[in-house]
Amino acid sequence: MAARLVPAAKFIIKGSVAGAAVYVAYDQGLLGSGTQGAEALKKAQAALPPAIQEWTSYLGWELPPTPKFDFSPSDSWNKGVQRVMSALSVAPARACEYTVEGWKYVKDLVK
């Protein structure tokens, strides 16, 4: 009987943790638009350093200062989408160029 309960309990615990993680991500706006994700990142950047400082002082550890960086997920996403669309728009022309170069190379080998 106990052999059947252990896997079921593991499954229930893992499912609960996964469900809670999805709920927290949704509640904080991480599953929304890019602007909501950027706002959630700004909130996390503001809240995490004091929390880490509090825990390190509680535990007696000393950590180096956290680096400051400015990162916008929505800007990075937009740059990635623009780069992909640019590559897709020139793909037919590049394919023609590479085909012509390939035929020229094959013709030179056959001569």
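The values are calculated or read from the model by the stated rules, or taken from the named source; none is laboratory data. Just so it is clear, the model here is predicted, and its values are computed rather than measured. Counting neighbours? That spans all protein chains shown, and the Cβs are built from the backbone with ideal geometry, glycine included. Side chains are part of the model used for accessible areas, which takes the heavy atoms of the whole protein and leaves out ligands, DNA and RNA. Shrake-Rupley method; radii C 1.70, N 1.55, O 1.52, S 1.80 Å.
Numbers below:
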read-out	value
Yes/no for residue 48 being surrounded by 10 or more Cβ atoms within 10 Å (Cβ to Cβ), of a type outside the set (Gly, Ala, Ser), touching a Pro at 6+ places or on another chain (Cβ under 8 Å) and part of a helix (DSSP H, G or I)	no
Matching residues, the stretch 1-48, being among the basic types (Lys, Arg) and over 30 Å from residue 67 (Cβ atoms)	4, 10, 14
Residues satisfying the stated conditions in the stretch 34-48, i.e. free of Cβ contacts under 8 Å to residues at least 24 places away in the same chain and of a type in the set (S, T, N, Q)	36, 45
Filtered residue count, the stretch 78-111, keeping only those that are in a helix (DSSP H, G or I) and more than 30 Å from residue 38 (Cα to Cα)	21
Residue check for residue 34: in contact with a Ser or Thr (Cβ under 6 Å, 6 or more places away or on another chain), of a type outside the set (S, T, N, Q) and at negative phi	yes
Criterion violated by residue 68 - all others in (1) open to solvent by 100 Å² or more (accessible area, probe 1.4 Å); (2) part of a helix (DSSP H, G or I) satisfied	(2)
Residue check, residue 20 in a helix (DSSP H, G or I), loosely packed, with under 10 Cβ neighbours inside 10 Å and modelled with pLDDT of 80 or more	no
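One line per residue, one yes/no per condition, for (1) more than 26 Å from the chain's Cα centre (by Cα); (2) among the polar types (S, T, N, Q); (3) under 25 Å from residue 78 (Cβ atoms):
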site: 6; (1), (2), (3): yes, no, no
site: 19; (1), (2), (3): no, no, no
site: 23; (1), (2), (3): no, no, no
site: 26; (1), (2), (3): no, no, yes
site: 33; (1), (2), (3): no, yes, yes
site: 42; (1), (2), (3): no, no, yes
site: 48; (1), (2), (3): no, no, no
site: 55; (1), (2), (3): yes, no, no
site: 59; (1), (2), (3): yes, no, no
